[in-house]
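To start, the structure under review is shown below, and the notes come after it.
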Amino acid sequence: MRASETDRALICPASLVRKKTAKRSDKANKTAAWGTLVHKWKETGDTQGNKTLLKKLQRTYIDREKLWPTTSDSHGHEATFSIDLESLQLRIWSSKGSNYKRDHWKRRHPRYRYVTGSIDWLSFRSKDGLPWVDDLKTGTWSVIAKYSKQLRTYALVPWILSGCNTDVWLSITQWPKYRLDCKPKRNWYKISSKELAKHLIKIKWAVKNTHLAIPSVSGCRFCLCKPDCVEFKESEYNV
């Protein structure tokens with residue numbers, strides 16, 4: 001499974017295997033394109049000459065090196081990984097490259113056995129000497145680090161590297177497109193080693209129970225499986 005699917009998968013495991021037949025709206029495609037652009041700038045500093053991004057940087061005086069400081073203990077941007085759910089073997093893809101290359105590497109790992117993902121920012125020793133993972137959000141939908149299951153899945157990487165015995169700092173950096181003078185806001189949560197062990201158990205449960213379709217407000221809201229999902233159509237949420 002992809003780490004980005006975690007929040008929905010823990011609610012409705014069937015969403016991991018069912019066909020995603022819903023088409024994205026033009027607005028959703030534009031939002032995704034903006035997110036890709038800003039993430040690339042975060043990683044490389046390249047604005048690709050985008051006028052809107054240039055205006056945001058001019059009006060906010062944002063310094064990417066201060067937001068994501070590179071140190072000897074930092075893996076850095078876009079830490080692409082795979083976790084074998086049976087053995088807990090962890091692999092981090094060391095090559096730099098395009099999103100296409102990263103996605104190709106992740107697709108080589110069977111979804112029923114591995115968790116894969118790309119962490120926006122990974123530092124092995126930062127706040128209070130603990131590991132830190134950060135996720136950049138460029139949409140208007142507010143996400144709190146404490147409740148993000150996706151972020152907890154990212155945190156499994158430094159947790160496993162520590163021998164499954166460390167707390168991890170989680171953060172979400174929210175930086176929407178508008179207003180142009182809007183500066184990034186970052187919210188934090190320190191997750192305990194015990195909480196991460198429980199999270200891993202939940203992921204294993206979801207991967208082993210993909211026959212379960214469980215409609216819900218939060219799970220179905222943006223699910224691309226909805227058009228052909230019988231359980232959703234017969235539920236109270238199909239309104």
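A short reminder: the numbers here are calculations on the coordinates, not readings from a lab. Keep in mind that what you see is a predicted model, and the values were worked out from it rather than measured. Neighbour counts run over all protein chains shown; Cβ positions are idealised from the backbone, glycine included.
Given only helices, namely DSSP H runs of n ≥ 4 each adding -39500 (n - 2.57), what is the per-residue ellipticity at 222 nm of the chain, to the nearest 500 deg cm²/dmol?
-10000 deg cm²/dmol
From the residues VAL207, THR52, HIS75, which one has its Cα farthest along the dipole of region 3-233 in the positive direction, the dipole being from +1 and -1 charges on Cβ of Lys/Arg and Asp/Glu about the Cα centre?
Farthest towards the positive pole: THR52.
If you plug each phi of region 168-184 into the Karplus form 6.51 cos²θ - 1.76 cosθ + 1.60 with θ = phi - 60°, what whole-Hz ³J(HN,Hα) values come out, in order, with x for Gly and Pro?
Working through the residues one at a time gives 9, 7, 10, 8, 10, 9, 9, 9, x, 5, 10, 6, 5, 9, 6, 8, x Hz.
Do any of LYS40/LYS204; LYS23/LYS137; LYS198/LYS226; LYS19/LYS106; LYS149/LYS226 go past 26 Å between their Cα atoms, and which?
LYS40/LYS204; LYS198/LYS226
Listed highest first by mean packing, meaning other Cβ atoms within 10 Å per residue, what order do 180-193, 139-152, 24-37 come in?
Highest to lowest by the protection proxy: 139-152, 180-193, 24-37.
List the residues whose amide H sits under 5 Å from the amide H of GLY117, counting only those 5 or more places along or on another chain, with H placed 1.01 Å from N in the peptide plane.
So GLY117 has HN proximity to ALA3, PHE81.
I'd like to compare 164-175, 210-221: which one has the highest average count of other Cβ atoms within 10 Å, and what's the full order after that?
With the highest mean Cβ count within 10 Å placed first, the list reads 164-175, 210-221.
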